[in-house]
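Novice: Before I ask anything, let me first share the structure, which is written out below as structure tokens.
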Amino acid sequence: MSIDLDVHGGGIALITINRPEKRNALDAEHYAGLSRCWETVRDDPAIRVAIITGAGDKAFSSGADLKTFIGREAELADLWLTQKGQLLNRGLEIWKPVIAAVNGYCLAGGMTLMLATDIRIAVPHATFGLAEVKRGIIAANGGTQRTAAQLPYAVAMELLLTGDSIDAQTAERWGLVNRIVPPERLLDEAMAFARRIAANAPLAVQAAKELAVRAPEMGLTMGLRMEQFVNKVLSGTADVREGKAAFADKRAPRFTGR
């Protein structure tokens, strides 16, 4: 039982929630391990893209291991430790792209984790749901926020208020996942996406993600202005010079993130 982090060639990190006997549910120990992995992805300049998946062929993650959390007493002061044990779906700022390889059940905290990723690949038997209201709580860590932002209002409210699940085909139809692939191709497809992204200029990729994520809070006028500022900054980088030289030489660019 663990959270595994492997860094592959080309700057691709693979995070695996390795608790298949519990449908990759996360207790406090595993949440702490996942937090450390996200910090590594954020801080290691050698990593350009991350993939998150679950061990086995049954579950991406079924969310929090409720048996270890419900009824557990915690200090009220902990409510204001907002930066402790930060997670991608809780608000940790990671501007490197994150790909979800959804290999089965994607429920509760597993789904809020997926909602915080940028590209999602799923297997045909994947199931998506936010059943927290059936347990007397709400879908936190972005559950109510990102669901409403990423889906039509009525669809989001159906998921949040009924707690019912949807299948992979429905998730694809509503744009929650990019594509559905056979189980044996899941990681290959995720890696192919990651390689395509990692081949691009890292600073430009991260800037594009941040501007897109911040767009709703900035508004169009500010967003357009920020695009100008960011491109002005990027125009002086070594990667821009390399991109120009590679185009002239008709070769693949060798970006360094500088």
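Nothing in this text is a laboratory measurement; each read-out follows from the coordinates by a stated rule. On a predicted model such as this, the values are computed, not experimentally measured, just so you know. Ideal geometry is used to build each Cβ from the backbone, glycine not excepted, and the neighbour counts take in all protein chains shown.
Novice: Angle, helix 186-198 long axis vs. longest principal axis of the chain, Cα atoms, 0 to 90°, nearest 10?
Specialist: 40
Novice: From the convex hull of the Cα coordinates of the range 6-51, what is the mean projected area in square nanometres?
Specialist: The Cα convex hull of the range 6-51, projected and averaged over all directions, gives 3.2 nm².
Novice: Past the 25 Å Cα-Cα mark, which pairs from Lys58/Lys96; Lys209/Lys232; Lys58/Lys84; Lys96/Lys134?
Specialist: Violating the 25 Å Cα-Cα cut-off are Lys58/Lys96; Lys58/Lys84; Lys96/Lys134.
Novice: Which percent of Cα-Cα pairs in the chain sits in each 5 Å bin, short to long?
Specialist: The percentages, shortest bin first, are 1, 6, 12, 16, 18, 17, 13, 8, 5, 2, 1, 0, 0.
Novice: For the chain, what is the calculated [θ] at 222 nm in deg cm²/dmol (nearest 500), taking -39500 (n - 2.57) for each run of four or more DSSP H residues and dividing by its residue count?
Specialist: Counting only the DSSP helices, I get -13000 deg cm²/dmol.
Novice: Let's test this: bin the Cα-Cα distances of the range 180-244 at 5 Å from zero up to the farthest pair and state each bin's percent.
Specialist: Taking all Cα pairs of the range 180-244, the binned fractions are 3, 15, 18, 17, 14, 14, 10, 7, 2, 0 percent.
Novice: Continuing with the same structure: Tilt of helix 28-43 relative to the longest C-alpha principal axis of the chain, in degrees (0 to 90, nearest 10)?
Specialist: 10
Novice: Quickly rank 219-229, 13-23, 94-104, 160-170 as a protection proxy: mean count of other C-beta atoms within 10 Å, highest first.
Specialist: So the peptides 219-229, 13-23, 94-104, 160-170, ranked by packing, come out 94-104, 13-23, 160-170, 219-229.
Novice: While we're here: Can you work out the PRE-style zone for Val7? Point 7 Å along Cα to Cβ, and I want the residues of the range 175-210 with backbone N under 15 Å.
Specialist: Inside the label zone: nothing.
Novice: Wrap a convex hull around the Cα atoms of the range 139-258, take a quarter of its surface area, and give that in square nanometres.
Specialist: Convex hull of Cα atoms, orientation-averaged projection: 10.5 nm².
Novice: Projecting each Cα onto the charge dipole of the chain (Lys/Arg +1, Asp/Glu -1 at the beta carbon, about the Cα centre), which of Ile94, Gly243, Ser62 comes out farthest on the positive side?
Specialist: Gly243
Novice: For the chain, with only Lys/Arg (+1) and Asp/Glu (-1) charged at the beta-carbon, what is the dipole magnitude about the Cα centre, in debye rounded to 20?
Specialist: The dipole magnitude comes to about 800 debye.
Novice: Debye sum, Cα scatterers, the range 157-216, no solvent: what log₁₀ I/I(0) at q = 0.21, 0.27 1/Å?
Specialist: Here the Debye-derived log intensity ratios amount to -0.98, -1.04.
Novice: Arranged by the count of other C-beta atoms within 10 angstrom, fewest first, what order do Arg241, Arg251 take?
Specialist: Arg251, Arg241
Novice: I would also like to ask the following. Under 9 Å from the Cβ of Glu93, count the other residues' Cβ atoms, weight Lys and Arg +1, Asp and Glu -1, and hand me the total.
Specialist: Summing Lys/Arg as +1 and Asp/Glu as -1 gives 0.
Novice: How far is helix 202-234 tilted off the main Cα axis of the chain, in degrees rounded to 10, range 0 to 90?
Specialist: Between helix and principal axis, roughly 60 degrees.
Novice: Given the C-alpha centroids of the range 98-114 and the range 117-134, what is the distance between them in whole angstrom?
Specialist: Between the Cα centres of the range 98-114 and the range 117-134 lies a distance of 5 Å.
Novice: Give me Asp188, Asp6 ranked fewest to most by other Cβ atoms within 10 Å of their Cβ, as a rough exposure proxy.
Specialist: With the fewest neighbours first, Asp188, Asp6 line up as Asp6, Asp188.
Novice: Cut-off 10 angstrom, C-alpha nodes, Gaussian network model of the chain. Which of Phe193, Phe60, Phe247 fluctuates the most?
Specialist: Residue with maximal mean-square fluctuation among Phe193, Phe60, Phe247: Phe247.
Novice: Which length gain, in nm to one decimal place, applies between Met218 and Arg196 when the Cα-Cα distance is subtracted from 0.36 nm times their residue separation?
Specialist: Residue separation times 0.36 nm, minus the Cα-Cα distance, leaves 5.1 nm.
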